[in-house]
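Shown next, in structure tokens, is the structure this report addresses.
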Amino acid sequence: MASRPIVSHQQRDVAVAGASKKIVAPGGNNRRALGDIGNLVTVRGVDGKPLPQINRPVTRSFCAQLLANAQAAGAENNKKQIPVIADGAVVGKRVVTKVAQKKATVKPKPETVIESSPDKEEKEVKKEKPKSQKSSRKKVQTLTSVLSARSKVACGVADKPKDPIVDIDGADVDNHLAAVEYVEDLYKFYKLTESSSQVHDYMDSQNQINGHMRMILVDWLIEVHNKFELTPETLYLTIHIVDRYLSMTLVQRRELQLVGISSMLIASKYEEIWAPEVNDFVCISDRAYNREHILAMEKSILGKLGWTLTVPTPYHFLVRFIKAAVADKEMENMAFFMAELGLLNYAMIMYCPSMLAASAVYAARSTLNQSPLWNETLKLHTGFSESQLIECAKLLVSFHSMAPEHKLRVVYKKYSNSERGTVALFPPAKNLLA
């Protein structure tokens with residue numbers, strides 16, 4: 001078995017230092033010396049400074065990294081050969097520089113060539129225009145655009161941002177009595193059921209009473225309601241019971257007042273905590289009817305109505321719509337004044353309770369010159385647009401204009417009081433009267 005020739009460390013250093021020298025083995029064969037992988041070899045670098053020791057096999061990429069570091073440190077001319085070790089042998093600059101060039105070479109971006117054809121020249125110039133010039137250029141407002149904008153404003157066609165919708169229940173989240181979780185569903189149910197309980201024109205079926213007699217009765221009931229200091233819910237339910245009963249039954253003229261006080265007795269029992277007694281209604285009617293008459297009429301009314309008293313009245317919608325209008329006390333009193341004028345006049349029976357309430361709010365905002373008269377919040381919660389309410393609101397404003405000279409002045413006097421802001425003394429809305 002052939003023995004391996006031993007090469008001393010001194011001979012290895014000589015082999016490393018000379019790039020063109022060859023080591024001749026004792027056998028006479030010319031071959032390169034194999035480096036010992038386990039040994040650390042010191043390599044002389046540029047200007048006699050030793051390169052850092054390498055603790056791992058040297059690859060071509062690592063050689064390129066060493067060369068780049070040497071160039072950054074201010075090495076001499078790149079043409080000088082820098083010997084590095086690759087797999088125990090000496091590698092010249094020719095291989096290393098190629099690797100370094102591949103690493104360091106950056107390809108230039110291809111320049112866009114613009115053809116100078118007369119048809120496409122203008123388009124290409126626009127494409128090659130830098131963004132900075134586009135942004136820095138100021139937009140010139142032409143005379144045509146100015147005139148168009150002025151014309152739109154004059155005609156009311158200008159694009160206006162929509163009013164934001166106000167969360168009217170946001171402040172009542174912690175108020176359990178406000179029922180914020182269910183209030184929207186409740187009013188959806190009211191809107192669905194109001195048509196089933198709505199009273200239509202019934203005076204043609206009555207042969208002894210007419211619209212004016214009904215107006216006298218309602219005017220007197222509002223006065224009785226105010227004297228007994230009952231809640232507003234009781235008044236609206238009373239008028240609703242009267243109209244429903246008259247639409248189902250022929251009533252004699254002498255019994256019309258009896259229908260009114262019996263309806264108020266029923267509504268008081270339904271809405272009030274402390275309802276007036278039967279004797280109170282006997283006294284308020286100047287003893288025109290006794291106790292038995294009132295109880296008998298009460299029984300007759302409940303039988304005709306089927307004991308159905310849970311119905312949406314204009315009051316239910318009115319309190320919700322006033323809240324949607326974000327109204328102050330003056331606006332609230334004006335809306336109730338308009339609504340009670342609607343209760344008084346028989347001509348308003350053709351409108352559903354929700355429309356009467358929404359029209360009262362619209363007429364009140366018009367009377368108080370609030371702007372805008374109708375917004376997105378009111379449109380959302382009422383379900384009516386401004387064009388749908390305009391006819392009903394005009395009727396309410398006309399009743400307001402006639403109230404000071406009318407014979408039936410209970411509602412006018414009620415809201416001329418300072419406790420209710422004297423809103424009846426305000427001049428009617430001229431824009432709706434015109």
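The values are calculated or read from the model by the stated rules, or taken from the named source; none is laboratory data. On a predicted model such as this, the values are computed, not experimentally measured, just so you know. We place every Cβ from the backbone using ideal geometry, glycine too, and count neighbours over all the protein chains shown. Surface accessibility is based on the protein's heavy atoms, side chains included, excluding ligands, DNA and RNA. Shrake-Rupley method; radii C 1.70, N 1.55, O 1.52, S 1.80 Å.
Considering the stretch 395-434 alone, what residues qualify as being assigned to a loop (DSSP other than H, G, I, E, B), loosely packed, with under 14 Cβ neighbours inside 10 Å and of a type in the set (Gly, Ala, Ser)?
Ala434
When you scan the stretch 365-394, how many residues do you find that are touching a Pro at 6+ places or on another chain (Cβ under 8 Å) and open to solvent by 30 Å² or more (accessible area, probe 1.4 Å)?
1
Can you pull out every residue in the stretch 280-289 that is open to solvent by 70 Å² or more (accessible area, probe 1.4 Å) and among the hydrophobic types (A, V, I, L, M, F, W, C)?
Result: Cys283, single match.
Yes or no, residue by residue, for (1) touching a residue at least 24 places away in the same chain (Cβ under 8 Å); (2) outside any helix (DSSP H, G or I); (3) outside the structural domain of Glu386 (by the TED database); (4) not basic (Lys, Arg):
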residue: Val259; (1), (2), (3), (4): yes, no, yes, yes
residue: Ala275; (1), (2), (3), (4): no, yes, yes, yes
residue: Cys283; (1), (2), (3), (4): no, no, yes, yes
residue: Ala288; (1), (2), (3), (4): yes, yes, yes, yes
residue: Ala339; (1), (2), (3), (4): yes, no, no, yes
residue: Ala347; (1), (2), (3), (4): yes, no, no, yes
residue: Leu373; (1), (2), (3), (4): no, yes, no, yes
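Being over 22 Å from Phe336 (Cα atoms), among the aromatic types (Phe, Trp, Tyr) and assigned to a helix (DSSP H, G or I): is that true of Tyr245 here? Break it down into steps so the answer makes sense when it comes.
Working: over 22 Å from Phe336 (Cα atoms): yes; among the aromatic types (Phe, Trp, Tyr): yes; assigned to a helix (DSSP H, G or I): yes.
Yes; evaluated as a whole, the condition is true for this residue.
Name every residue in the stretch 290-319 that is open to solvent by less than 30 Å² (accessible area, probe 1.4 Å) and farther than 20 Å from Leu230 by Cα, in order of residue number. Step through it out loud before you land on a result.
Restricting attention to the stretch 290-319, the residues satisfying the condition of being open to solvent by less than 30 Å² (accessible area, probe 1.4 Å) are 294, 297-298, 301-302, 305, 309, 311-314, 317-318.
Passing the criteria: Met297, Ile301, Leu302, Leu305.
On the basis of being in a loop (DSSP other than H, G, I, E, B) and under 18 Å from Met350 (Cα atoms), does His240 make the cut? Steps first, please.
Numbers: in a loop (DSSP other than H, G, I, E, B): no; under 18 Å from Met350 (Cα atoms): yes.
The answer is no for His240.
Condition test on Leu235, is it open to solvent by less than 80 Å² (accessible area, probe 1.4 Å), closer than 25 Å to Lys407 by Cα and within 40 Å of the chain's Cα centre (by Cα)? Walk me through it before giving the result.
Working: open to solvent by less than 80 Å² (accessible area, probe 1.4 Å): yes; closer than 25 Å to Lys407 by Cα: yes; within 40 Å of the chain's Cα centre (by Cα): yes.
Yes, satisfied.
Being part of a loop (DSSP other than H, G, I, E, B) and at pLDDT below 75 is the filter; apply it to the stretch 144-174 and report the residue that is nearest to Leu378 (Cα to Cα).
Looking at the filtered set, the residue picked out is Asp163.
Hey, among Leu235, Leu217, which residue is more than 27 Å from Arg320 (Cβ to Cβ), touching a residue at least 40 places away in the same chain (Cβ under 8 Å), in a helix (DSSP H, G or I) and not β-branched (Val, Ile, Thr)? If you could, list the steps in order and put the result at the bottom.
Working: Leu235 fails: more than 27 Å from Arg320 (Cβ to Cβ).
None of the others qualify; the one that does is Leu217.
So in the stretch 194-231, with the set limited to residues that are among the charged types (D, E, K, R), exposed (fewer than 12 other Cβ atoms within 10 Å of the Cβ) and more than 17 Å from Leu246 (Cα to Cα), which one is farthest from the chain's Cα centre (by Cα)?
Lys227
Can you tell me which residue is most open to solvent (accessible area, probe 1.4 Å) among those in the stretch 248-257 that are in contact (Cβ under 8 Å) with a residue 12 or more places away in the chain and outside any loop (DSSP other than H, G, I, E, B)? Give the derivation first.
The first filter runs over the stretch 248-257 and keeps only residues in contact (Cβ under 8 Å) with a residue 12 or more places away in the chain, leaving 248-253, 255-257.
This time we only want the ones that are outside any loop (DSSP other than H, G, I, E, B), so: 248, 253, 255-257.
On the way: Met248: 95, Arg253: 148, Glu255: 64, Leu256: 14, Gln257: 60 Å².
Residue satisfying both the conditions and the ranking: Arg253.
Given the structure, is Ala327 of a type outside the set (Asp, Glu), on the phi < 0 side of the Ramachandran plot and surrounded by fewer than 22 Cβ atoms within 10 Å (Cβ to Cβ)?
Spelling it out, Ala327 is indeed of a type outside the set (Asp, Glu), on the phi < 0 side of the Ramachandran plot and surrounded by fewer than 22 Cβ atoms within 10 Å (Cβ to Cβ).
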